Amino acid sequence: MAFDRPTAKLLCAPFLQGALLLAILWQPACAQGADDTLLPYAVHIHQTPMQSWGPGSGIYLGKGLFITAAHVAGRTWLTRPKIAIAGSEYPTRVVKEGSFEGTDLTLLSVEEELLPSRLRLRRNSICTEPPRPGQEVVTIVPGSAVRSHILAPDRLPIGTRSRFSTVISDVARTGNSGSGVFDVKRKCLLGIMSRKISQPYYRPDTRKTETRDIAKYFVPASEIAAFLPAHLQL
């Protein structure tokens, strides 16, 4: 069956519009699918007894090693932190403990043979390149992957720029302390979430000063690599 040119154009227009719509819908779905491959690395951290603010987060590195924010694990001699995966808790050995005021990292170990087989074979790579402003990242917690991007340090209050220079922009939706920050393209671990950065904000309508969260600081990969004991090779 032959079409004259006007009829062919009318048929092609809806087809092209539909193809364009499918392409737009497919891109975020594809991106989400790629991010979801990182979800198995995310675990919960339970203190003993469970902390009042709920479970914290941590990231599996490989060979039975898990890393989290030091303040999530707490003073480990007292809190006796456990790794929680899919409703099961695993006792830990403390490999190295940092502090909230210093390096906000704690490294925990679980006997590998106790872990689910789907996790035992995994190895997490730590990024070797420093984060750069505008870089797209994804934060990972158990069951959730949310994208954000790196903020330039000059967007922070002057007093925080030197110490907390590695930050992401999305405060409300991204993972909290202990969650993993991953490079979207390389799928390597770029950092461990540590704390919010806030600043006072004056509201003319109420004539009151409020505190507004503007960014989230993460301990960068370079500090994670330096924190890991030299004899532990992933």
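Worth pointing out:
- Residue in the range 17-28 that is closer than 20 Å to T139 by Cα, at pLDDT 85 or above and surrounded by 10 or more Cβ atoms within 10 Å (Cβ to Cβ) present: no
- On inspection, E111 does not qualify as touching an Asp or Glu at 6+ places or on another chain (Cβ under 9 Å) and acidic (D, E).
- Residues located in the range 53-105, provided they are more than 20 Å from G175 (Cα to Cα) and among the basic types (K, R): K63, R75, R80, R93, K96
- Positions within the range 192-234 being at pLDDT below 90, under 30 Å from R123 (Cα atoms) and among the β-branched types (V, I, T), in sequence order: none
- Scan of the range 79-105 for residues that are touching a Ser or Thr at 6+ places or on another chain (Cβ under 9 Å), open to solvent by 10 Å² or more (accessible area, probe 1.4 Å) and of a type in the set (A, V, I, L, M, F, W, C), ordered by number: V94, V95, F100
- Of everything listed in (1) of a type outside the set (D, E, K, R); (2) under 19 Å from N176 (Cα atoms); (3) modelled with pLDDT of 95 or more, the single unmet condition for S109 is (2).
- Positions within the range 87-98 being touching a strand residue (DSSP E or B) at 6+ places or on another chain (Cβ under 9 Å) and not charged (D, E, K, R), in sequence order: Y90, P91, T92, V94, V95, G98
- The range 205-234 - residue that is assigned to a strand (DSSP E or B) and open to solvent by 40 Å² or more (accessible area, probe 1.4 Å) and, of those, farthest from G159 (Cα to Cα): K208
- Of all residues making up the range 206-216, the number that are closer than 18 Å to T139 by Cα and either out of contact with any helix residue (DSSP H, G or I) (no Cβ under 8 Å at 6 or more places or on another chain) or of a type in the set (K, R) (or both): 2
- The range 106-204 holds strands (runs of 3 or more DSSP E) entirely within its bounds, and those carrying 1 or more residues that are open to solvent by less than 60 Å² (accessible area, probe 1.4 Å), aliphatic (A, V, I, L, M) and under 14 Å from L38 (Cβ atoms) map to 136-141, 144-151, 180-183, 189-203.
- Considering residues of the range 55-76 that are part of a loop (DSSP other than H, G, I, E, B) and of a type outside the set (A, V, I, L, M, F, W, C) only, the residue surrounded by the fewest Cβ atoms within 10 Å (Cβ to Cβ): R75
- Hey, T139 modelled with pLDDT of 95 or more and under 18 Å from Q47 (Cβ atoms) or not: no
The values are calculated or read from the model by the stated rules, or taken from the named source; none is laboratory data. Source: prediction; values computed, not measured. Glycine gets a Cβ as well: all are built from the backbone with ideal geometry, and neighbour counts include every protein chain shown. In case anyone asks, the SASA skips ligands and DNA or RNA and just uses the protein heavy atoms, side chains included. Shrake-Rupley method; radii C 1.70, N 1.55, O 1.52, S 1.80 Å.
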